[in-house]
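Working notes for the structure below.
The values are calculated or read from the model by the stated rules, or taken from the named source; none is laboratory data. Values in this document were obtained by computation on a predicted structure and should not be read as measured data. For neighbour counting, all protein chains shown are included, and Cβ atoms are generated from backbone atoms with ideal geometry for every residue, glycine included.
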There are 2 protein chains.
Amino acid sequence: MDRPVTIGMLGSGTVGTGVVHVLKENAYEISQKVGVPVQIKTVLVRDTHKVRPYMKDLHLTDDFEEILGDDAIDIVVELMGGLHPAREYMLAAMKAGKHVVTANKDVVAQFGKDMFEAAEEYHTGFRFEASVGGGIPIVTPIKECLTANRLTEIMGIVNGTTNYVLTKMTRMGSDYASALKEAQEKGYAEADPSADVEGLDAARKAAILASLAFNTRVGLSDVSVEGITKITPEDIDYARKLGYVVKLLAIAKDSLSQGIDVRVHPVFLRESHPLAAVNDVFNAIFVKGNAIGEAMFYGQGAGALPTASAVIADIVALARQIAKGVGDEIGCTCFAHKSFCRLDDTISDYYLRLLVADEPGVLGTIATVFGTYGVSLKSVIQTRYVGDKAEIVVITHRVQHRKMREAEQALTDLSVVERISNVIRVDTPREDGT
Amino acid sequence: MDRPVTIGMLGSGTVGTGVVHVLKENAYEISQKVGVPVQIKTVLVRDTHKVRPYMKDLHLTDDFEEILGDDAIDIVVELMGGLHPAREYMLAAMKAGKHVVTANKDVVAQFGKDMFEAAEEYHTGFRFEASVGGGIPIVTPIKECLTANRLTEIMGIVNGTTNYVLTKMTRMGSDYASALKEAQEKGYAEADPSADVEGLDAARKAAILASLAFNTRVGLSDVSVEGITKITPEDIDYARKLGYVVKLLAIAKDSLSQGIDVRVHPVFLRESHPLAAVNDVFNAIFVKGNAIGEAMFYGQGAGALPTASAVIADIVALARQIAKGVGDEIGCTCFAHKSFCRLDDTISDYYLRLLVADEPGVLGTIATVFGTYGVSLKSVIQTRYVGDKAEIVVITHRVQHRKMREAEQALTDLSVVERISNVIRVDTPREDGT
C-alpha cells in the first residue's frame, strides 16, 4: 500500500490534542516504522465553530456518520470517554470494517465482550492500551510479552489522584481533605472526585487487567471496591511505624484452588515492595507469573502526552498491518471460564484501629473476642489517649474476610468499644512467596 | 495451519532447560494463544549420551545440519551463547528459511546488523527479547509500545551480578571483594567475574538498547565502559551521606545537538530516582521519551525461568504468524544514521575522593587547580584522616569530561596530592529536566 493510513478521531479533548501533537511531532519516525505516513483526516467534535489552533489542518465534523461513511478512514480512534455513545460508535465503526483504538476504560471494563465479538465478526482490530495505566505499556506486555506465563497475581497503583493524595498525606502529614484539595488545585483531581477516591476508576482498570492476565472475563461487578476516604493521618503514621506505606491497590489473584479474586482497597504495603516507592501521580503495575517471577511496569498513568503515547502505539500496530495488508491481531484472550472467589473467602492480615474504654481488662476482653472468631493476633498495641478513651492498634495473622467481619461486628457490640476507626488489609509476604 | 509449530533448539543449558519446562508447564495456554500447539522437536547438544531427564521426550543431536535440514522445523531457538558458532548457525538457519529466536547478547550487540540483513533477505523473523534484561519485556516495548516517542534517554540496571555486589556493599558495609565472594557463593557471579564487574556485559546490553531506542546502529565499540572494581565502602558511605546510592548504570542519551552518547559506569544516583530502589539481582530499565515522559520496566534480569519467559514470548509471536500464514515482523529499526558524541564532550557532575597532605592552604590549592580547568565546585569537604593524610571529598558542578580529566591530571601532579582515590559521576536532575 502506498497511500497514508488514515484516522478518524472521536473527541478533541486533552488526549485528542495530545494525539494530534505527537503524530505531528514524530511524523517522520512513525512513517519510517509503519512504511507509509499515518494521518488524521477527520475529527468528531461537539462544536465545529470552536477555535482549535492545533487542529487547523484537520477536517472537523459534528456528524459521526461522516466518519463512518468515509471509506478512506482505516482506523477510528475513540477518545470521547463515557459509555454512550462511545460504545455504539465503536461497534458501528467495526461493523463498517474499520479498526478501533480506544482509551475508554469504562467501555472496555463494561462492554469488552461486545467489542471483541464485533472485532472478530467483522475482522477488525480492537485495541485499548491507553485504557489502563495511561502511557505505561501494560496491555501489550501482558498479551504478548508475558504470554509464556500463567499469571497468578497483579497488584497495581492505577489511579494517580488517590496516589497523589496518599503521597501527600504520607510526606506532609496532611489530612485527607486538605491533600485532596491540593490535588484539585493542581488539576490532579476533579471537582467531583468520587470516581477516583471511592476506587471506581481503579476498579474498572482492575477488571481489564484481570481479564487480560487470567484469560477469563472479569466485569466491573466482579470487583469488590473500597476507596481511600476513611484513611486518616493516624493510619498512615501507624503504617510507617510498622514499616509500611498506605497505597490504594488494584489486586487480582488467580489461585487454582480458590478461583479469581479481584478487589480495590487500601493496603498497608511493606516499604521494601517495589510499588511502595511509586509516588505522586505515577502509576505502576506489578505482576507475578510462573516463569517471569516478579515484574513491574512504571510510568505516568494519565496526561495528554503519555496517554497519546499509548494510543499511538495501538494506531501504529494496526497501521503496520494495514500497510502490509496482513491481519495479525490478537483478539479476545478470554478463552477460559474461571470461577470467582467470594470476597468473604479471601484471606489477609489486617490492621484495626479501635477506640476503647480506658479500663483494666479491656485488652483481654478484645483479645478474647478475636479468639472466639478464630482471629489470631500478631500484636496489640495501646497507642495513645483520645479524650478519656484509649486507642488500640491490632495487627492480625492471616484470617478469612468473613471471620474478620464477624469479629468486627462482635467488637462493635462490646460496651467497652467506642468505635472501630478503621480496618485495612496488610500485605505480608508468606513463606511460600504468595 | 493445523500442524504444531515446531522448534529446533540449540543448547541445553540453564535457559534451554527453562524453555523446555515452561513450554510443557503452560502448553495449554500457549496453544490457545497460538491457535496450534508449539513443540520442541530436536535439541542440539554437545554430548547426546549425557542423561537429561527433563529432555527425555526430545530428540537430541550433536549435528547442527540435522536441524538445518529438517523442513518440519519452523523456528531455531539459539541458547548456546558466545559468538561462534552461534552467529554462523543463526545465519544458516535464516538462509534455510527458518525463523530465529536468541538470548545471545554477544551476537546481537556485535553482529546485529548481519542478523537483520539475513532476516530481511530471507524473509524470516529474528527476535532477541531475552538478550537484554532477562525476563523483563523491553525489546518489544521499545519497538512497539513506545513507538510513538522520540526516546531521548535510557538508564538501565542491566547486570544482576554488579547490582547484587553494590546492594550488599550498601546494606552491609561490605567491601567489594567480600561482596563479590558472597555473590559467587550464591551463584550470582561466575568464577571469573570480569565480564560482569568490568561492565562488559552491561555494555553489550547498552549497545542493544541504544540501537533500539535511537533507531541507529550502536556497536559494542561505541560504548565507553567502566566497571565497579574501584568502588569502596567509603564511596558508598559518602554517597549515602549526600543522599545518593551507587549503581552501575548503562546510560544512552540522544541529544539532537550532541549526538548519541552510550556508556556504562558507576553513578551516584539520587535516592528518590526509581532505579535507586532496584536492589539485589533485579534489573530495571528506565526510559525517557517525548510523549511518555518517564517509564520504567523492572524484573529479574537472569535465571532459567525468567529468561525462558522472554524466549517463549518471541517464540509465540513468531508461532502465531506461522500458524496464521502471515508475515508481520518488525525488522531492523535502525533507519537513522546518527553521529556519536565523544566521551570527552559528555557533561556531568562529578564526585572525587582525594588523599592530600594535612597542611594549611591545601584546600585552596586544590580549588585553584579546579578553577584553572574551568571546573566549578559545589562542595569541598574534608572528611577524615588516613594516617597523616587528610581525605577530601569534592562534588563538582556540570563539567565536560575532557576538562575533568585535565583537572584530575593536574591534581595528580601536585605534590600535596597523595592520590585521587576515586572519581564517580553524579546524577543531578537539571532544571530543564535533563
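When the residues of region A:41-75 are filtered to those that are outside any loop (DSSP other than H, G, I, E, B) and at pLDDT below 95, the one that is nearest to the other protein chains (Cβ to nearest Cβ) is A:TYR54.
So that you can scan it fast, the table gives a plain yes or no per residue for (1) over 22 Å from B:GLY13 (Cα atoms); (2) assigned to a loop (DSSP other than H, G, I, E, B); (3) assigned by TED's automatic domain parsing to the domain that holds B:LEU200; (4) modelled with pLDDT under 95:
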{"position": "B:VAL77", "(1), (2), (3), (4)": "no, no, no, no"}
{"position": "B:MET80", "(1), (2), (3), (4)": "no, yes, no, no"}
{"position": "B:LEU83", "(1), (2), (3), (4)": "no, yes, no, no"}
{"position": "B:GLU88", "(1), (2), (3), (4)": "no, no, no, no"}
{"position": "B:GLY97", "(1), (2), (3), (4)": "yes, yes, no, no"}
{"position": "B:VAL101", "(1), (2), (3), (4)": "no, no, no, no"}
{"position": "B:ALA109", "(1), (2), (3), (4)": "no, no, no, no"}
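Flag set for B:VAL19, criterion: under 20 Å from B:GLY134 (Cα atoms), outside the structural domain of B:ASP201 (by TED's automatic domain parsing) and buried (at least 16 other Cβ atoms within 10 Å of the Cβ). Candidates B:ILE420, B:ILE347: the one that is over 30 Å from B:VAL101 (Cβ atoms), under 24 Å from the mean Cα position of the chain (by Cα) and of a type in the set (A, V, I, L, M, F, W, C) is B:ILE347.
Among the residues of region A:286-302, those that are closer than 16 Å to B:GLU294 by Cα and at the interface with chain B (Cβ under 7 Å from one of its Cβ atoms) comprise A:MET296, A:PHE297, A:TYR298, A:GLY299, A:GLN300.
For (1) in the same structural domain as A:ILE157 (by TED's automatic domain parsing); (2) touching a residue at least 24 places away in the same chain (Cβ under 8 Å); (3) in a helix (DSSP H, G or I), each residue gets a yes or a no:
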site: A:THR216; (1), (2), (3): yes, yes, no
site: A:SER221; (1), (2), (3): yes, no, yes
site: A:GLY227; (1), (2), (3): yes, yes, no
site: A:TYR238; (1), (2), (3): yes, yes, yes
site: A:LYS253; (1), (2), (3): yes, yes, no
site: A:ILE285; (1), (2), (3): yes, yes, no
site: A:MET296; (1), (2), (3): yes, no, no
site: A:LEU318; (1), (2), (3): no, yes, yes
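Mind checking which residues of region B:113-143 are in a helix (DSSP H, G or I), surrounded by 23 or more Cβ atoms within 10 Å (Cβ to Cβ) and within 13 Å of chain A (Cβ to nearest Cβ)? Scanning region B:113-143 gives B:GLU129, B:ALA130, B:VAL139, B:PRO141, B:ILE142.
Applying the condition of being surrounded by 24 or more Cβ atoms within 10 Å (Cβ to Cβ) and touching a Gly at 6+ places or on another chain (Cβ under 8 Å) to region A:283-295 and asking which residue is farthest from B:SER309 (Cα to Cα) yields A:ASN283. Checking the conditions here, which among A:VAL287, A:VAL326, A:VAL316 is touching a Leu at 6+ places or on another chain (Cβ under 7 Å) and at negative phi? Answer to the check: A:VAL287. Note on region A:171-207: residues that are within 21 Å of the chain's Cα centre (by Cα) and either in a helix (DSSP H, G or I) or among the hydroxyl-bearing types (Ser, Thr, Tyr) (or both) amount to 18.
Can you find even one residue in region A:175-191 that is closer than 17 Å to A:GLY301 by Cβ and of a type in the set (Phe, Trp, Tyr)? Within region A:175-191, one or more residues are closer than 17 Å to A:GLY301 by Cβ and of a type in the set (Phe, Trp, Tyr).
Report whether or not A:GLY97 is touching a residue at least 12 places away in the same chain (Cβ under 8 Å), on the phi > 0 side of the Ramachandran plot and surrounded by fewer than 21 Cβ atoms within 10 Å (Cβ to Cβ). It is true that A:GLY97 is touching a residue at least 12 places away in the same chain (Cβ under 8 Å), on the phi > 0 side of the Ramachandran plot and surrounded by fewer than 21 Cβ atoms within 10 Å (Cβ to Cβ).
Being among the small types (Gly, Ala, Ser) and more than 14 Å from every other protein chain (Cβ to nearest Cβ) is the filter; apply it to region B:315-372 and report the residue that is surrounded by the most Cβ atoms within 10 Å (Cβ to Cβ). Once the filter is applied, the top-ranked residue is B:SER348. Against the list (1) in a helix (DSSP H, G or I); (2) under 21 Å from B:VAL5 (Cβ atoms); (3) among the aliphatic types (A, V, I, L, M); (4) within 19 Å of the chain's Cα centre (by Cα), the condition B:ALA93 fails is (4). Looking only at residues in region B:332-358 that are in a loop (DSSP other than H, G, I, E, B) and free of Cβ contacts under 8 Å to residues at least 60 places away in the same chain, the one that is farthest from B:ALA119 (Cα to Cα) is B:ASP358. B:VAL287 satisfies every condition listed in (1) under 30 Å from A:THR14 (Cβ atoms); (2) more than 19 Å from the chain's Cα centre (by Cα) except (2). Identify all residues within region B:303-314 that are more than 8 Å from chain A (Cβ to nearest Cβ) and closer than 8 Å to A:ILE292 by Cα; write none if there are none. Within region B:303-314, B:THR307 is the sole residue that qualifies. Candidates B:VAL20, B:VAL5, B:VAL101, B:VAL38: the one that is within 14 Å of another protein chain (Cβ to nearest Cβ) and under 25 Å from the mean Cα position of the chain (by Cα) is B:VAL101. The number of residues in region B:8-30 that are in contact with a Phe, Trp or Tyr (Cβ under 9 Å, 6 or more places away or on another chain), part of a helix (DSSP H, G or I) and not basic (Lys, Arg) comes to 4.
Please give the number of the condition A:LEU83 fails out of (1) surrounded by fewer than 17 Cβ atoms within 10 Å (Cβ to Cβ); (2) closer than 24 Å to B:LEU151 by Cβ; (3) in contact (Cβ under 8 Å) with a residue 24 or more places away in the chain; (4) among the hydrophobic types (A, V, I, L, M, F, W, C). So the condition that A:LEU83 fails would be (2).
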